[in-house]
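J.: This is the structure I want to talk about, given as structure tokens.
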Amino acid sequence: NAGVTQTPKFQVLKTGQSMTLQCAQDMNHEYMSWYRQDPGMGLRLIHYSVGAGITDQGEVPNGYNVSRSTTEDFPLRLLSAAPSQTSVYFCASKTGQGSYEQYFGPGTRLTVT
Amino acid sequence: KNEVEQSPQNLTAQEGEFITINCSYSVGISALHWLQQHPGGGIVSLFMLSSGKKKHGRLIATINIQEKHSSLHITASHPRDSAVYICAVIPGAQKLVFGQGTRLTINP
């Protein structure tokens with residue numbers, strides 16, 4: 001199993017550009033989530049999904065969209081990138097209800113100039 | 001005030017020392033997660049705790065639910081233990097609430 005994979009590893013965007021961060025898992029996990037990690041702050045939840053076709057907002061959802069058309073994939077879309085979205089983004093997954101342990105992807109370092 | 005507080009924020013020690021990292025939280029939880037993040041690397045799970053104590057190699061994690069406190073201990077520390085250690089609590093079935101992390105540096 002590859003676990004949780006993320007692409008790209010690094011990305012530089014100009015303000016106003018859009019892009020999609022990819023996340024995939026091959027563990028048949030129901031729950032997937034996106035976090036951002038900023039210096040001096042803990043990881044913060046952006047969006048999450050409890051299964052295909054179901055998504056919900058986390059703590060810091062503004063400026064981001066998600067969809068969950070398959071169990072495996074959970075892409076994160078930046079609609080119009082802003083410098084405040086410069087961060088490291090982590091995708092995570094876990095099995096459904098009753099399971100607490102999350103598995104994290106390797107992260108995507110995004111810089112918006 | 002953050003719901004999850006870790007101390008210390010930074011810790012430097014010599015190889016072989018016994019290390020303790022603390023995590024205090026203010027919400028009711030279902031479980032607590034200790035994570036490790038190496039420089040430039042991803043995040044890996046060390047322990048998932050809902051009560052008592054767990055041990056894996058030189059790492060020991062304890063939790064006191066009544067006092068809302070958990071500790072991560074490293075015995076016989078080694079430079080390869082240098083990393084950021086993150087405490088995360090699970091107030092419900094789905095979400096994690098993270099501490100800010102403790103940066104540990106072990107010098108040879």
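All of the numbers you see were taken from the coordinates with simple rules; none came from a lab. It should be emphasised that the depicted structure is a prediction, and the values quoted were computed from it without experimental measurement. Because the Cβ atoms are built from the backbone with ideal geometry, glycine has one as well, and the counts that use them run over all protein chains shown.
J.: Return the residues of the stretch A:74-113 that are closer than 27 Å to B:Val89 by Cβ and in a helix (DSSP H, G or I); say none if nothing qualifies.
T.: A:Ser84, A:Gln85
J.: Let me ask something else about it. Could you tell me which residue of the stretch A:54-73 is nearest to A:Asp26 (Cα to Cα), considering only residues that are within 14 Å of another protein chain (Cβ to nearest Cβ), part of a loop (DSSP other than H, G, I, E, B) and of a type outside the set (D, E, K, R)?
T.: My answer is A:Gly58.
J.: Does B:Ile74 satisfy the criteria of being at negative phi and touching an Asp or Glu at 6+ places or on another chain (Cβ under 6 Å)?
T.: yes
J.: Could you tell me how many of the residues in the stretch A:1-51 are within 15 Å of the chain's Cα centre (by Cα), hydrophobic (A, V, I, L, M, F, W, C) and either part of a loop (DSSP other than H, G, I, E, B) or surrounded by 13 or more Cβ atoms within 10 Å (Cβ to Cβ) (or both)?
T.: 11
J.: How about the stretch B:79-97: which of its residues are touching a Gly at 6+ places or on another chain (Cβ under 9 Å), surrounded by fewer than 20 Cβ atoms within 10 Å (Cβ to Cβ) and either within 8 Å of chain A (Cβ to nearest Cβ) or among the charged types (D, E, K, R) (or both)?
T.: Passing the criteria: B:Ala93, B:Lys95.
J.: Of the residues in the stretch A:37-53, how many are within 11 Å of chain B (Cβ to nearest Cβ) and within 30 Å of B:Ser7 (Cβ to Cβ)?
T.: 10
J.: I'd like to verify a number: residues in the stretch B:1-24 that are in contact with a Pro (Cβ under 9 Å, 6 or more places away or on another chain) and surrounded by 14 or more Cβ atoms within 10 Å (Cβ to Cβ), how many? Don't jump to the end; show me each part of the working.
T.: Residues of the stretch B:1-24 in contact with a Pro (Cβ under 9 Å, 6 or more places away or on another chain): B:3, B:14-15, B:21-22.
With surrounded by 14 or more Cβ atoms within 10 Å (Cβ to Cβ) added as a condition, the list becomes B:3, B:21-22.
Within the stretch B:1-24, residues that are in contact with a Pro (Cβ under 9 Å, 6 or more places away or on another chain) and surrounded by 14 or more Cβ atoms within 10 Å (Cβ to Cβ) number 3.
Here's the yes/no breakdown for (1) facing another protein chain (nearest Cβ under 9 Å); (2) under 25 Å from A:Gln6 (Cα atoms):
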position: B:Leu35; (1), (2): yes, yes
position: B:Ser50; (1), (2): yes, no
position: B:Ile65; (1), (2): no, no
position: B:Ser77; (1), (2): no, no
position: B:Gly99; (1), (2): yes, yes
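J.: Return a yes/no flag: does the stretch B:1-14 have any residue that is of a type in the set (Asp, Glu) and in contact with a Phe, Trp or Tyr (Cβ under 7 Å, 6 or more places away or on another chain).
T.: Initially, the stretch B:1-14 is screened for residues of a type in the set (Asp, Glu), giving B:3, B:5.
Checking the rest, the ones that are also in contact with a Phe, Trp or Tyr (Cβ under 7 Å, 6 or more places away or on another chain) come to B:3.
Yes, some residue in the stretch B:1-14 is of a type in the set (Asp, Glu) and in contact with a Phe, Trp or Tyr (Cβ under 7 Å, 6 or more places away or on another chain).
J.: Evaluate the following for B:Gly41: is it within 13 Å of chain A (Cβ to nearest Cβ) and either within 19 Å of B:Gln6 (Cα to Cα) or crowded, with 16+ Cβ neighbours inside 10 Å (or both)?
T.: Details: within 13 Å of chain A (Cβ to nearest Cβ): yes; either within 19 Å of B:Gln6 (Cα to Cα) or crowded, with 16+ Cβ neighbours inside 10 Å (or both): no.
In short, no.
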